[in-house]
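The next block holds one structure in the form of structure tokens; read it before the comments.
Every number in this text was worked out from the coordinates using simple rules, so none of it is lab data. Computed from a prediction, not measured in an experiment: that's the story for all the values here. Heads up, the Cβs are rebuilt from the backbone with ideal geometry, glycines too, and the neighbour counts pull from every protein chain shown.
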Amino acid sequence: MKKSLILLLTILLTFSAFGRATLYIYSWAGYVPEEIIRDFEKKFNCRVIYDTYASNEEMYAKIKAGKGKGYDVIFPSGDHVSIMIKEGLLQKIDHSKIPNFKYLDKEILNKTTFDPKHEYSVPYMMGATVVVVNKKYVKNYEKSWSIFERKDLKGKMTLLDDMREVLGAALKYLGYSVNTRNLKELEEAKKVVLRWKENILKFDSSSYADGVVTGEYWVVHGYAEDVYQRIPKGEEKNFDFFIPKEGGTLWIDSMVIPKGAANVDLAHKFINFILDPKNAARIADYLGLPSPNVEARKYMKTKPIYSFEDLLKCELIEDLGEFLEVYNRIWQEIIM
């Protein structure tokens, strides 16, 4: 009798597990706190599969190859939202299913020129790409992109393995736009990056955060939130996050639903769940970033690494259309 009861319970649990809907997310590593994912699964009796990518280019290539199929929610940066809209890879957002959209800061919504009416995207986070210094090993430095020209730090620094971010950094260092279409300016930027390349250990978008925290690297170019969440408690004072004085690249990552999504209704529920003020506050605290959610700010428990005011000298990376091929050519000349 007991064996029969156990067998029946096992069958029921198995069917229950198979009967749950699955939400497939494609995002940056460590970008959504695990506890937020678990809470969403519990609230909506579903499961979440969270796959990661290291660059927008990697994400775009995979989504384009699959014609938008395979995932339900993706987190691209602004220029790639624009590209994916033009390629017909995204479906329109049903705002009636996302009532928490009302909490988003209107100043940030006005900056989303890649999708001004928010027909296809919902902002998730906004910030700048920064330089992180492990002050245990580097005591004196100028808060400038010129830090990557220091021979005394050779082999202890990394730059992102990201074409637009690295070329954007060099362009800002020279006083140019990160979206320039001027060939002369791009050639100057290439020369700057080649000088930096002599001093860095590698172009890296995956291990830099762990590396700078452990002391393997002393100076890294990257996303503050990636490093912030890895710093042991009490060690925060040993790390400096700065936006170089010349300015840098501004990013706005958004949540989008690809055209081939299998669980569109659940995708809308997830986006709305993320925008719940208390959840948005937990996410901002976890990442160490200012929240784009106005209501969430009253629930935040930590001070962000930088403020929205700090972002004023930064420039949003935009879709360059066919001119992107010029950037691709120059990037290949740099990394070859």
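What to note about this one:
- The helix-only estimate of mean residue ellipticity at 222 nm for the chain, built from DSSP H runs of length n ≥ 4 each weighted as -39500 (n - 2.57), is -11000 deg cm²/dmol after division by the residue total.
- Formal net charge of residues neighbouring L266 (Cβ-Cβ distance under 15 Å; K, R +1; D, E -1): +1
- Among N199, N45, N134, residue whose mean-square fluctuation peaks in a GNM of the chain (springs only between Cα atoms under 10 Å): N45
- Set of lysines near K62 by C-alpha distance (under 24 Å), chain-local residues within fewer than 8 positions excluded: K86, K92, K259
- Reachable lysines, given that their alpha-carbon falls under 20 Å from the alpha-carbon of K139 and they are not under 8 places away in the same chain: K151, K154, K156, K237, K245
- Nearest-0.05 FRET efficiency for D39 and D240, computed from C-beta distance (R0 41 Å): 0.80
- P(r) of region 184-336 over all Cα-Cα pairs, binned every 5 Å from zero, in whole percent: 1, 7, 12, 15, 17, 17, 13, 10, 6, 1
- Environment charge of N134, counting only residues whose C-beta is closer than 11 Å and scoring Lys/Arg +1, Asp/Glu -1: +1
- For the options K69, K298, K156, a Gaussian network treatment of the chain with springs between C-alpha atoms closer than 10 Å singles out K298 as fluctuating the most.
- E107/K303 FRET efficiency (R0 25 Å; Cβ-Cβ; nearest 0.05): 0.80
- The per residue volume of the convex hull around the alpha-carbon atoms of the chain is 162 Å³.
- Cross-link reach is defined here as a Cα-Cα straight distance under 16 Å, omitting same-chain residues fewer than 8 places apart; for K69 the aspartates and glutamates meeting it are D51, E58, E87, D265.
- Net charge contributed by nearby residues that have their C-beta within less than 14 Å of K69 (K/R +1, D/E -1): +1
- On the basis of the beta-carbon distance and an R0 of 25 Å, Y50 and L174 show a calculated FRET efficiency of 0.05.
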